[in-house]
């Protein structure tokens, strides 16, 4: 009789633990899925269109170096703060919000470097595509972001 009680207590404990673990997994899955649906991501020339993200205050822009040469120290600034470097890539993707000022810092290179916006998320103005600027040892303004 006493052994049966221990088995029942162990069974209830294991069942409760399983229910709590499953609830945590569902909560985590919901949280990560919800966050991924809140932005439109631009990756490798593929756009994911998301109707829920249309009202999002954030967007993404893909900025690419027009020349074939690589400029690993070339920096992308948003509102005067360095957010990324091109490193050994021709393209960087930046998360932006309405009113952000995008600049390119080429002060470490004494040559013309042209960069362009090649893709934007679906909640940014399409006219931003093909916007470009050329830097020659200085910081140049690329554009100001407007969320639709």
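None of the figures in this text is laboratory data; all of them are computed from the coordinates on show. What you see is a predicted model; the values in this text were computed from it and never measured. Ideal geometry is used to build each Cβ from the backbone, glycine not excepted, and the neighbour counts take in all protein chains shown.
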- Task: Return the pairs, sorted by first residue and then second, in which the second residue is outside any helix (DSSP H, G or I) and exposed (fewer than 10 other Cβ atoms within 10 Å of the Cβ), the first residue lies in segment 1-30 and is without any contact (Cβ under 8 Å) to a residue 12 or more places away in the chain, the beta carbons are less than 6 Å apart, and the residues are 6+ apart or on different chains.
- Result: none
- Message: So, in segment 124-134, exactly how many residues are without any contact (Cβ under 8 Å) to a residue 40 or more places away in the chain, buried (at least 17 other Cβ atoms within 10 Å of the Cβ) and in a strand (DSSP E or B)?
- Response: 1
- Qualifying positions in segment 73-91 - surrounded by 15 or more Cβ atoms within 10 Å (Cβ to Cβ) and under 20 Å from residue 56 (Cβ atoms): 78, 83
- Given the conditions (1) closer than 14 Å to residue 67 by Cα; (2) crowded, with 17+ Cβ neighbours inside 10 Å, every one holds for residue 96 apart from (1)
